[in-house]
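Written below as structure tokens is the structure these notes are about.
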Amino acid sequence: MAKKVAWDYIVPVKMPKDLKGVVPGKLPESLLRPIKGGGKLHWLAANAWNAMVAKAKADGLELKPTSSGDLYREYEMQKRGFLQRYQLEPIKGASTKTFEGKTWYLKKGYAMLATPGKSQHNLGLAVD
């Protein structure tokens, strides 16, 4: 029998039904739950996160987001981060994203970031 590896357990995120028709980054408060240490997640993601944190703690590990900005991000927060990392002036060899119908170039030294409204963080479904 083949040994299982970490990526054998990765499954696609299923969109919660209550997010249908909701604008990413503009979730109603009723769908969000606070997370210990700051920040919020969609209630289903919060339940999963809290269960994972509890299991890790029982195993002697501590899980925590790197910051409250690494949970649910409102649209404007995602946009500010995007505009800090990308520019319209071409950069040879740089990674690109299309946003607002324009090509944006990743500045040197910055990590990539999803375009506003396209991130799992804008849906409250991701934790960094």
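The values are calculated or read from the model by the stated rules, or taken from the named source; none is laboratory data. Just so it is clear, the model here is predicted, and its values are computed rather than measured. Here the Cβ is made from the backbone with ideal geometry for all residues, glycine too, and neighbour counts use every protein chain on show. Note: accessible area is taken over every heavy atom of the protein model, side chains too, but ligands, DNA and RNA are not part of it. Shrake-Rupley method; radii C 1.70, N 1.55, O 1.52, S 1.80 Å.
Quick rundown of the values:
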| quantity | calculated |
| --- | --- |
| Cα principal axis extents for the chain, largest first, Å | 50, 43, 27 |
| Longest segment of the chain lacking GluC sites (Glu not before Pro) that sit in a DSSP loop with at most 12 other Cβ atoms within 10 Å | 1-61 |
| Average accessible area per residue (Å²) across the stretch 1-116 - probe 1.4 Å, nucleic acids and ligands excluded | 74 |
| Neighbourhood net charge (15 Å Cβ-Cβ; Lys/Arg +1, Asp/Glu -1) for K79 | +4 |
| Compactness of the stretch 63-128, expressed as Rg and Dmax over alpha-carbon positions, Å | 12.4, 39 |
| Top positive-direction residue, dipole computed over the stretch 1-107 with Cβ charges, set A54, G25, V13 | V13 |
| Loop sites in the stretch 90-120: trypsin sites (Lys or Arg not before Pro), DSSP, at most 10 other Cβ within 10 Å | K92, K108 |
| Pairwise label distance in nanometres, Q87 with K107, each label 7 Å out on the Cα-Cβ vector | 0.7 |
| Between 0 and 90°, nearest 10: helix 75-85 axis offset from the chain longest Cα axis | 60 |
| Taking the chain and dividing mean pair separation by its residue count, relative contact order in percent (alpha carbons under 8 Å, at least six apart) | 29 |
| Cβ-placed point charges (K, R +1; D, E -1), dipole of the chain about Cα centre in debye, nearest 20 | 200 |
| Proximal aspartates and glutamates to K40, defined as alpha-carbon separation beneath 19 angstrom and excluding residues fewer than eight positions away on the same chain | D18, E29, E62, D70, E74, E76, D128 |
| Crossing angle, helix 43-58 versus the chain [Cα axis fit, 0-90 degrees, rounded to tens] | 60 |
| Lysine pairs within the stretch 72-128, Cα separation less than 14 Å, 8 or more sequence positions apart or different chains | 6 |
